[in-house]
Amino acid sequence: MFSTKTYINRREVLKNNFPETGLLLFLGNRQSPINFMDNTYRFRQDSTFLYYFGISEPNMAGVMDLDKGETIVFADEMSMDQIVWMGRQETIKQKSLLVGVQDTAPFSSLKDYITKAIAKGREVHYLPAYQSYNQILLSDLLSIPIQNLRSSVAFIKAVVAQREIKQPEEIQQIEQALEVSVDMHLLSMRMARVGVKEYEIASAIAHLAASRNCELAYPSIVTIHGEILHNHYQQNTLAAGQLLLNDSGCEVKSGYASDLTRTIPVSDTFSDVQKQLYNIVLQSFNQAKSMLAPNVAFRDIHLRASRVICEGLIEMGIMKGNAQDAVENHAHTMFFQCGLGHMMGLDVHDMEDLGEQYVGYTPTLKKETQQFGLKSLRLGKELKKGHVVTIEPGIYFIPELIQRWSKDKKYSEFINYDRLNDFVDFGGIRIEDNFLIQDNSYRLLGPELIKTVKEIEQYKRDHR
């Protein structure tokens, strides 16, 4: 939790920048049962609620009355039964005072409060609800069928405009997460050897995060099948000659996240072909990061990184023709099917619940395509000072995609299918770091994690 002043200032900025009147309604998250009501998944508070109210407790709501200048936290104090089972904790009143909110009320009174406001003709602005419970709650509070709920675009835009610019105290939290994540990745490099199971590495890095008072920011991807972009199957045994892709990050107690990926050899060294392909991805990564600066469209960085991949694959004979033409015709998506990166902060995919069209794009740079590859680019708009973004190019050889496109001779003017058939079982490679956009350039966040072939091979040899 940040200082009381931080939360007061955040709410004041939102109020001053919001163009309409009425109420701003913030719904916190609920606990979700695993298999019965009292056996729940780990609770994670809604990130926007955390940003403005800072309290990580279930069953809460906040209301900002823009006309009266009032802010109220709605939540129930602990019952005696809860105290018996969970022990006495800070009261809701005490927690609210820590974030600069003087007024509290029982959660059960929220409906009456909202109903009276609506009866007076006042507008209730709310954000998209991604938890089913909150969709039902909104429907009940507003007396609107779930299918007719329409979140406030003005509210979304105001939140995005504020949350997307990271303040120094937020950067400090992200870098704390990155310090732990770098150690998670170094541990996986030390563990990766013949005979080790994927889940042994995944559980070890999760244990390391927990030992540093952190949670995983997302389910770790630890796999010898790096061509599967979000592969969570972890039952394979590592064998000589394979590559291991580790995409993992952690979340500190304040909720801020990190997101790193490295691809390493199971053996002490990369094979010649692995080295060639790895260096193509690294060149794409380096080209992309060199372009990071305010007023540069991230979509342009993505396309430039894609061209570098094509240039490298043309040199290897896997692709042919002109790299620029290949990208303009989307032939590169045989090998690079996803986006180059995304925003990061309180969410590893920051504010994704608020809508990609508001977070990653603007009215002047809209996401208007369902083109394979570009439709997966979460961020396309011009960068601003204070943005935190990931850069994560990759090359992925997906057998099913190769088989289908080869059969249809798709992009055959750019793809050498005879040569490509030698790589059907290769797997995938991804490299990812996190960056802060500054006045004229960028800054790598956190301690630098080794990434060159030479550095990784040397580290593996030093830790046999």
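The values are calculated or read from the model by the stated rules, or taken from the named source; none is laboratory data. Model, not experiment: these values are computed from the prediction. Methodologically, a virtual Cβ is constructed for each residue, glycine included, from the backbone with ideal geometry; neighbour enumeration extends over all protein chains shown. Heads up: the accessible areas ignore ligands, DNA and RNA and are worked out on the full protein's heavy atoms, side chains in. Shrake-Rupley method; radii C 1.70, N 1.55, O 1.52, S 1.80 Å.
Within region 77-86, not a single residue is open to solvent by less than 10 Å² (accessible area, probe 1.4 Å) and in contact with a helix residue (DSSP H, G or I) (Cβ under 7 Å, 6 or more places away or on another chain). Only one of the listed residues (Asp353, Asp347) is within 16 Å of Ile174 (Cβ to Cβ) and of a type in the set (Asp, Glu). That residue is Asp347. Screening region 278-309 for residues that are free of Cβ contacts under 8 Å to residues at least 24 places away in the same chain and farther than 21 Å from Thr364 by Cα and picking the one that is surrounded by the most Cβ atoms within 10 Å (Cβ to Cβ) gives Gln287. Note on region 243-282: residues that are more than 14 Å from Met191 (Cα to Cα) and part of a loop (DSSP other than H, G, I, E, B) amount to 11. Within region 318-329, restricting attention to residues that are in contact (Cβ under 8 Å) with a residue 60 or more places away in the chain and outside any helix (DSSP H, G or I), the residue that is nearest to Arg304 (Cα to Cα) is Asn329.
For every residue, the table says whether it meets (1) closer than 18 Å to Ile72 by Cα; (2) at pLDDT 95 or above; (3) of a type in the set (A, V, I, L, M).
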| position | (1), (2), (3) |
| --- | --- |
| Lys5 | yes, yes, no |
| Arg10 | yes, yes, no |
| Val13 | yes, yes, yes |
| Leu27 | yes, yes, yes |
| Pro33 | no, no, no |
| Met37 | no, no, yes |
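The set of residues in region 425-452 being open to solvent by less than 40 Å² (accessible area, probe 1.4 Å) and either over 30 Å from Ile171 (Cβ atoms) or charged (D, E, K, R) (or both) consists of Gly427, Gly428, Arg430, Glu432, Asp433, Lys451. Pairing residues of region 118-131 that are open to solvent by 40 Å² or more (accessible area, probe 1.4 Å) with residues that are part of a strand (DSSP E or B) and among the aliphatic types (A, V, I, L, M), at Cβ distances under 8 Å and at least 6 apart in sequence or on separate chains, gives Ile118/Val124; Arg122/Leu23; Glu123/Leu23.
Would region 229-250 turn up any residue that is open to solvent by 10 Å² or more (accessible area, probe 1.4 Å) and touching a Cys at 6+ places or on another chain (Cβ under 9 Å)? Checking region 229-250: at least one residue is open to solvent by 10 Å² or more (accessible area, probe 1.4 Å) and touching a Cys at 6+ places or on another chain (Cβ under 9 Å).
Of note, Lys275 satisfies the criterion of being within 30 Å of Arg461 (Cβ to Cβ) and touching a helix residue (DSSP H, G or I) at 6+ places or on another chain (Cβ under 9 Å).
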